[in-house]
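In what follows, a single structure is set out as structure tokens and then discussed.
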Amino acid sequence: MRITSRLSLAAPIVALAMLVSANIASAQNTETIDGGRTTVTLASDFVSALGILGVTPGTVGPTELYNGRVNFPVTGGAIDLDTAVSQILHSGGLTLTAGQTKVTLQSFIIDTTGAPVITGLVSVNGKLLGRLPIFDLALPGGITLPLDPHHGRIIIRGVGVTLDSTAAGALNSVFNVSAFQGGFGIGTAKVIINLPVSDDEDED
């Protein structure tokens, strides 16, 4: 009787587990990121503020700063096309120098697993402090899900970039000022994500 009872309970449990597994498998739509770039057009107010504070911006290779724009090459990561949840890894970075103090922000990660944010490795005069939230992101309206890549590429324009409050506090402390504030506008970003090309697409 006990064996029969256990079997009668086991059958629906196994069936439920198989159903859940099948639903999870069918819902997976995560793609590996194969490259790309993020370009930030710096806000004139931000550039002016740096000048007033006597802070000179620079770059960490291979990032380039030209005509108020900075480019950060995308090196990898993953994105769920159904939800736009992602982590997008970048090379390069920025430097902020005032007098004998140099702050380096590099190896940025766009992280949308929670509130959209860019984290980065922060060092001061060569001493690594760790990975901190640097910029908060405001995704543009009109993004429809699931994301639909065209020719193996996803392009998101008009992403608002503002200074994170944690980064603002750190910069105020390092440069001994109080001018940096969370929410200050840094600029607008354009994110280009390249996905691996399938064999079928390659033949086309």
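What is the extension gain from T97 to T113, computed as 0.36 nm multiplied by their sequence separation minus the C-alpha to C-alpha distance, in nm to one decimal?
2.6 nm
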Seminar exercise, completed: Calc'd 3J(HN,Hα), region 69-84, phi into Karplus 6.51 cos²θ - 1.76 cosθ + 1.60 (θ = phi - 60°), Hz, glycine/Pro = x, comes to 10, 10, 10, 10, x, 7, 10, x, x, 8, 9, 8, 5, 6, 10, 6
Seminar exercise, completed: Once amide hydrogens are built 1.01 Å from N within the peptide plane, the residues lying 5 or more places from G36 or on another chain with amide H under 5 Å from its amide H are V74, N194
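Which value, to two decimals, describes the C-alpha radius of gyration of region 29-203 once divided by 2.2 N^0.38 Å?
1.07
Where a number appears in this text, it was derived from the coordinates with a stated rule and is not lab data. Note that the structure is predicted; figures quoted are calculated from it, not measured.
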